[in-house]
Amino acid sequence: MLWNQGKRTNISAYWRTGVRKLLQINWYEPQCSASAEQLLASPKRLREGTVSARGSSGELKHTFPSAKAEREGGIKNIPVMDRFWWKESAKGIPHMVTEPPGPRSREMHGRTTRYFKGLSSQVKLFPVCFEEGSGITLTDVDGNRYLDFSSGIYVTSLGHCHPKISGAVAHWAKKLMNCHDFTHPVKEKLVEKMAAILPGKLNAVQFYSDGTTAVEAGIRAARAITGRHEFISCYRDFHGKTLASVSCARMFRGDVHSYGPSRAPGFYMVPRPDPYRPLFTRDDGTIDTDRYINFYEEFIREGTVGNVGAFVLEPAQGWGGSIFPPEDFFPKLKKLCDKYGILLFADEVLTGMGRTGEWMCMNHWDTIPDIVTFGKSFGNGFPVTAMVVREEFGSALEKISASSSYGGNPMALAAALASLEVIEEEGILENVMEVGRFFMARLEKMKNDHPVVGDVKGKGFLLGIELVKDKQTKEPFEEAGRLVYQKAFRKGLAWIPAGHILRMSPPLIMDQHYAGMGLDLIEEAIAEVENESGY
Ligand SMILES: Cc1ncc(COP(=O)(O)O)c(C=O)c1O
């Protein structure tokens, strides 16, 4: 039976499973466009254990666990959301009441940085202070409301404070916060869910609490599986800030890692294919993937001691500027790795769990890695990450204990489980594919229309605009990158700079209307910079 709690915006569905217990689903109708009567009239049982109801702003659907799973899982009161829950808070954005960063932001920033040190360039360039986030909307302490094109930092991919995910965390925050690496009901459900959604037999899992520790675990796993100690990774990839991750990653001159010995022994870097700036080309100037692969093969033979455990890569470079390799790159690389018994380690911390329209970015190329890491979108803002290897290597994970103070705690895994469920329930992958096509079509047009837009790149909601001084020479236009970032932010777009490549990672719930709005703000900013720079 569906139950109207008497509030226009909060309708709860109760369903009796057998004679045992009542479950509750909360369906918030932020737009208030579905009346209680509509909901009351429409529930129907689709199949055993499933209840559904349709309102004007979406469909409520929930499959209840069996009595046994319910008893063992103990999860009750699971909120299932209308997929447009975020639209009410987005009304009227961007809405700027002061020139940002406003007076309260400036004051707060000044007091904080008296003690807090080491801010990223993103914050230094635009020292705004946020106090609220809902869906695709961020509100600063001066009351300015921004359209979010960053998802935190590729993190809150299902929207800020998604009610189902926040609800799941709150539920376990009141029930069981930590039980070391003992099994608990959410862990049981999450590992089964991951085994079901990941391709091949990627199903041996460990949980951690940030991306870099998951990557470290992947390196340990590669050593445990192969007994080898050398690793190859790529220029301009990023994998985190602990020693093995840093050893696989780009280092910046002046960064602390560049003082003294910079990489752990046995870690090597090679160039990876960037279609806009290819190093190896065919006679016609197009990128030649085979020459990259041949170079790697020669490097394995000549530049290592023949003990390479894994090739570690981001499927697409996030920090490097949303750079995707040619379609044939990963299938060919996997073949090379297999030839030499080298594991392919895909670091999907940034690209995974829907960002590019697939659960894993590697799915675009039908290539199943041997090791994979997830983070960021995995818990939609709650610090939770995972390292997964193929089933055949699972026993080797016994050599690297999964014990971790925070990894796998019930709150964290509840956030991850709820996030994966939201991706399915709200049709997120389909939305990312569809709106992603719109994004790319608009970006291509921008490339044609603007002299400083040298290249545009992306898949799904992982997007980039590369600014150049001249389309022939492709000289990076760093200053324009900084100015466009600041101007668009001032107009009400919260986003991410990366030198001359403007990066975008909007929440995956975004529709075409807001996607177009964000690109309008960016295009206005680009046009202003072009005018000011005499183009
Ligand atoms: C691909 C990739 N791997 C690992 C990391 C490190 O994650 P964390 O900052 O959670 O340690 C990042 C962070 O940006 C990343 O982009």
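The values are calculated or read from the model by the stated rules, or taken from the named source; none is laboratory data. The structure presented is a predicted model; accordingly, all values stated were derived computationally and were not measured. Glycine also receives a Cβ, built like all others from the backbone with ideal geometry; neighbour counts cover every protein chain displayed.
Odds and ends about this structure:
- Considered as a group, the residues in region 83-102 that are of a type in the set (Gly, Ala, Ser) and in a loop (DSSP other than H, G, I, E, B) include one that is surrounded by the fewest Cβ atoms within 10 Å (Cβ to Cβ), and that residue is Gly92.
- The requirement of being farther than 28 Å from His171 by Cβ, within 16 Å of the ligand (Cβ to nearest atom) and among the polar types (S, T, N, Q) is satisfied by Thr351.
- Here Pro369 passes the criteria (1) within 12 Å of the ligand (Cβ to nearest atom); (2) touching a Phe, Trp or Tyr at 6+ places or on another chain (Cβ under 7 Å); (3) assigned to a loop (DSSP other than H, G, I, E, B); (4) closer than 19 Å to Cys248 by Cα except the one numbered (1).
- Residue, farthest from the chain's Cα centre (by Cα), within region 380-403, restricted to residues that are in a loop (DSSP other than H, G, I, E, B) and buried (at least 18 other Cβ atoms within 10 Å of the Cβ): Ile400
- Residue in region 283-297 that is in contact with a strand residue (DSSP E or B) (Cβ under 9 Å, 6 or more places away or on another chain), aromatic (Phe, Trp, Tyr) and modelled with pLDDT under 95 present: no
- In region 111-122, residue surrounded by the most Cβ atoms within 10 Å (Cβ to Cβ) [restricted to those that are out of contact with any Cys (no Cβ under 9 Å at 6 or more places or on another chain) and modelled with pLDDT of 95 or more]: Thr113
- Among the residues here, Lys445 does not qualify as among the charged types (D, E, K, R), within 16 Å of the ligand (Cβ to nearest atom) and on the phi < 0 side of the Ramachandran plot.
- Subset tally (residues that are assigned to a helix (DSSP H, G or I) and within 27 Å of the chain's Cα centre (by Cα)) for region 458-481: 3
- Only one of the numbered conditions (1) more than 24 Å from Gly159 (Cα to Cα); (2) within 23 Å of the chain's Cα centre (by Cα); (3) assigned to a helix (DSSP H, G or I) is not met by Lys447, and that is (2).
- The criterion of being at pLDDT 95 or above and more than 16 Å from the ligand (Cβ to nearest atom) does not hold for Gly379.
- Qualifying residue in region 207-223 (condition: closer than 16 Å to Val384 by Cβ, within 15 Å of the ligand (Cβ to nearest atom) and in contact with a Leu (Cβ under 7 Å, 6 or more places away or on another chain)): yes
- Note on region 147-203: among residues that are acidic (Asp, Glu) and in a strand (DSSP E or B), the one that is nearest to the chain's Cα centre (by Cα) is Asp148.
Conditions (1) modelled with pLDDT of 95 or more; (2) more than 16 Å from the ligand (Cβ to nearest atom), marked per residue:
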| position | (1), (2) |
| --- | --- |
| Ala195 | yes, yes |
| Val205 | yes, yes |
| Glu230 | yes, yes |
| Thr242 | no, no |
| Ala249 | no, no |
| Phe267 | yes, no |
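- Hey, Phe311 in contact (Cβ under 8 Å) with a residue 60 or more places away in the chain, within 22 Å of Thr351 (Cβ to Cβ) and within 16 Å of the ligand (Cβ to nearest atom) or not: yes
- Residue in region 234-244 that is farther than 24 Å from Lys457 by Cβ and in a loop (DSSP other than H, G, I, E, B) present: yes
- Test: residue in region 407-424 that is in contact with an Asp or Glu (Cβ under 8 Å, 6 or more places away or on another chain) and surrounded by fewer than 16 Cβ atoms within 10 Å (Cβ to Cβ): no
- Unmet requirement for Lys335, which otherwise passes all of (1) within 15 Å of the ligand (Cβ to nearest atom); (2) surrounded by fewer than 19 Cβ atoms within 10 Å (Cβ to Cβ); (3) among the basic types (Lys, Arg): (1)
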